[in-house]
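I have placed the structure first, in the form of structure tokens, so that the comments after it can refer back to it.
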Amino acid sequence: MNTPGLRLLGAALVALLGIWAGLKAYSVRRAHEIPAVAVPAGVASAPNRSDGAASEAAVPHPLVPARLPDFSLRDLTGKSISISAWSGKSLVVNFWATWCAPCRREIPLLKTISAEWAGRDLKVVGIAVDYPDKVKDFAGRFKIDYPVLIGDQDALDVAAKFGMASPAFPFTVFTDRRGEVVALFLGELHRPQVDFILSEVQDLNQDRIQLPEARRAIAEGLQALAEKQAG
Amino acid sequence: MQRTQATLLSLFLLLGAAGTAHAKPWWMRGIESNETDFLPPDVAFRVAARIDGSALKVRWVIADGYYLYKQKFEVKAESPDLLVSAPQLPAGVVKTDPYLGTQEIYTQQVEAVVPYTRIDAGAHPIQIKVTYQGCAEAGLCYPPITKVLFPNAQPALVAPNVPPYPWESIAITAGAFAFLLAGLVLRKGRKLDVPA
């Protein structure tokens, strides 16, 4: 190899070494940011995972599934209900807890959506990760009229099936009538966001667009709404 | 030669992009999920404890846009020979939510003073278990978090506004420096190629 060629190779090696060192330093730092003594949560007001709920690195994170996973949880009367009971309908699956203020705030909106879509091909289903007594009391006081399923560790296992192995609340999963997961919205829902997502779900249900296109449109639309809200 | 340099440049840019992709919170990586930028709980709420005379001081540093509930704080003894009193907390900010009622919250940072006594004069290291719970103003709440801390082994956090990932900047700077160095080596090579 000639001299310029050797210099080029040397320069490339130096640059690669520098980038490797930087990334290595970053990854080591990230690993040290998670305290080694993290222990399971669970002594306060809500049930929690038993494998270190707060640790970002300790829990591997599956991706949001392509399709609605199969699961069963108990309803307000204690009866076991499978999510497949609403097979063939689009679903708005809302994960919440009674101790969570934004979860409480979005309940009236979910009731409104449920009422507006009554008798059509969409169902709102609440999944409360909480104690049954608290959920029953809350559901009675707030007159929740859509199906509510309840669980503690079993509900957390369901959340994990949606890629939320270490969940924060609320989060809401939207599916189309085929059971394909169209969007997972983390945080408190507001009317413009719900309307936008459901319009894409409707387009999907009527075969006007394909799933990847709908997902992309939702991601971009939500980003635009967030920017509008911030600006 | 130019083609080789262009290829190398593309490689560096690709490596750089791969490095920054990890900076996103884990729940924001898929197109199926919204892009709202919520922090992982351990970044939103950083906690450390230290021994200060006859009291333990536990400090939480809270990211901008996040808060902790006063009534959710708990500090318990974890060492067998340790007795702790109830944490003494300053007055919080009163937050009224029509759906949750009135609560006291903390933003930015808060320090709990926890008086303690030891039964057998230090046979075991001081170890406490702290529980806390908080939310993001943007509408997300984290389940209660419980951690075991060794107050004499961890320095207290002092900077309220530490960037979440300072080493990311160092990684980028190191890459840029290496790239500059590589450029200088190449430039030197060119000079040598110029006929006198």
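Considering only residues that are surrounded by fewer than 17 Cβ atoms within 10 Å (Cβ to Cβ) and under 18 Å from B:G139 (Cβ atoms), look in segment B:59-92 and name the one that is nearest to the other protein chains (Cβ to nearest Cβ).
Step by step, filter segment B:59-92, then rank; the result is B:G65.
Go through segment A:174-218 and count every residue that is without any contact (Cβ under 8 Å) to a residue 24 or more places away in the chain, farther than 24 Å from A:A97 by Cα and facing chain B (nearest Cβ under 9 Å).
Count: 2.
Would you confirm, using the coordinates I've provided, whether A:Q229 is surrounded by fewer than 22 Cβ atoms within 10 Å (Cβ to Cβ), at pLDDT 90 or above and not acidic (D, E)?
no
Which of the strands (runs of 3 or more DSSP E) found entirely inside segment B:35-95 contain at least 1 residues meeting this: among the aromatic types (F, W, Y) and in contact (Cβ under 8 Å) with a residue 24 or more places away in the chain?
Those strands (runs of 3 or more DSSP E) span B:45-52, B:55-62, B:66-69.
Condition first: out of contact with any helix residue (DSSP H, G or I) (no Cβ under 9 Å at 6 or more places or on another chain) and not in a strand (DSSP E or B). Now tell me which residues in segment B:104-135 satisfy that.
Hits for segment B:104-135 are B:T107, B:Q108, B:I119, B:D120, B:A121, B:G122, B:A123, B:H124, B:P125, B:I126, B:Q127.
Would you mind finding the one in A:P170, A:P69, A:P132 that is at the interface with chain B (Cβ under 10 Å from one of its Cβ atoms) and not hydrophobic (A, V, I, L, M, F, W, C)?
When all the criteria are applied, what remains is A:P170.
The values are calculated or read from the model by the stated rules, or taken from the named source; none is laboratory data. As the structure is a prediction and not an experimental result, all values here were calculated from the model. When we count neighbours, we look across all protein chains shown, and the Cβ atoms used for this are built from the backbone with ideal geometry, even at glycine.
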